[in-house]
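Encoded as structure tokens, the structure appears first; notes follow it.
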Amino acid sequence: FSNAEYNAINQALVDQGMEDVELVAVWTGDFNDPTKARQVADTMMGDGVDVIMGAVNLGMFGIFEGVKAHGGEGTDKVLVTAKYSDKTSFAPDNYVTACLYDFATPIKEITEKIMAGELGGYYPMEFGSGINIQVPLQNVSEDVQAEVDVIIADILSGDVVVEKNTTALE
């Protein structure tokens, strides 16, 4: 799934004509190691990374501590995104958004299918059915918010299709 996340982000950059943005992928080897995540975040910030898109569990705490310690204002401030839940309070000056997971909708639909006698199958969590982007975005301009609103609407309407590509990086 993490390869698919990387490939989806890369697809978005290409689709938006942002091929000049360097996407740096890093795997820490442990979703729950805040120390390792902090070390990786510190290295990335030392290399000039502007935004860290965190996709770890407890490791997020290390990333948040790193971006707060890095400091900076305006364009020198490193921004961060997260997954699963609202994590605004951990780095409010650096936090932008999260890819929010809501398991209530899938659990309800799966339970209804089981109760109707349908057993087995696969439930894809997708945007609009268990996954959403946390809005409004924080620490970005109104122009960026407006662009993201259009992209979200286009994904939900099907005008933008995020390709499921689990190909590993070379």
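The values are calculated or read from the model by the stated rules, or taken from the named source; none is laboratory data. Since this is a predicted model, take the numbers as computed values, not measurements. Positions of Cβ are generated from backbone atoms using ideal geometry, with glycine treated the same way; all protein chains shown enter the neighbour counts.
Test Val160 against the stated conditions and say whether it is touching a residue at least 60 places away in the same chain (Cβ under 8 Å) and β-branched (Val, Ile, Thr). When the stated conditions are applied, Val160 passes them. The number of residues in the stretch 106-152 that are among the hydroxyl-bearing types (Ser, Thr, Tyr), at pLDDT below 90 and over 19 Å from Ser85 (Cβ atoms) comes to 2.
Here is a list: Glu147, Glu142. Which entry is out of contact with any helix residue (DSSP H, G or I) (no Cβ under 9 Å at 6 or more places or on another chain), charged (D, E, K, R), surrounded by 13 or more Cβ atoms within 10 Å (Cβ to Cβ) and farther than 18 Å from Asn57 by Cα? Write out each step before concluding.
Details: Glu142 fails: surrounded by 13 or more Cβ atoms within 10 Å (Cβ to Cβ).
On inspection, the qualifying residue turns out to be Glu147.
If you go through the stretch 109-141 and keep only what is more than 15 Å from Ala98 (Cα to Cα), among the acidic types (Asp, Glu) and under 20 Å from the mean Cα position of the chain (by Cα), you end up with nothing. Of everything in the stretch 152-166, what is assigned to a helix (DSSP H, G or I) and in contact with a strand residue (DSSP E or B) (Cβ under 9 Å, 6 or more places away or on another chain)? Give them in sequence order. Of everything in the stretch 152-166, those that are assigned to a helix (DSSP H, G or I) and in contact with a strand residue (DSSP E or B) (Cβ under 9 Å, 6 or more places away or on another chain) turn out to be Ile152, Ile155, Leu156.
Which fully enclosed helices (runs of 4 or more DSSP H) of the stretch 1-107 have 3 or more residues being more than 21 Å from Thr167 (Cβ to Cβ) and either in contact (Cβ under 8 Å) with a residue 40 or more places away in the chain or not β-branched (Val, Ile, Thr) (or both)? It would help to see each step written out before you state the result.
Working: elements: 2-15, 34-46, 59-70.
Answer list for the stretch 1-107: 34-46, 59-70.
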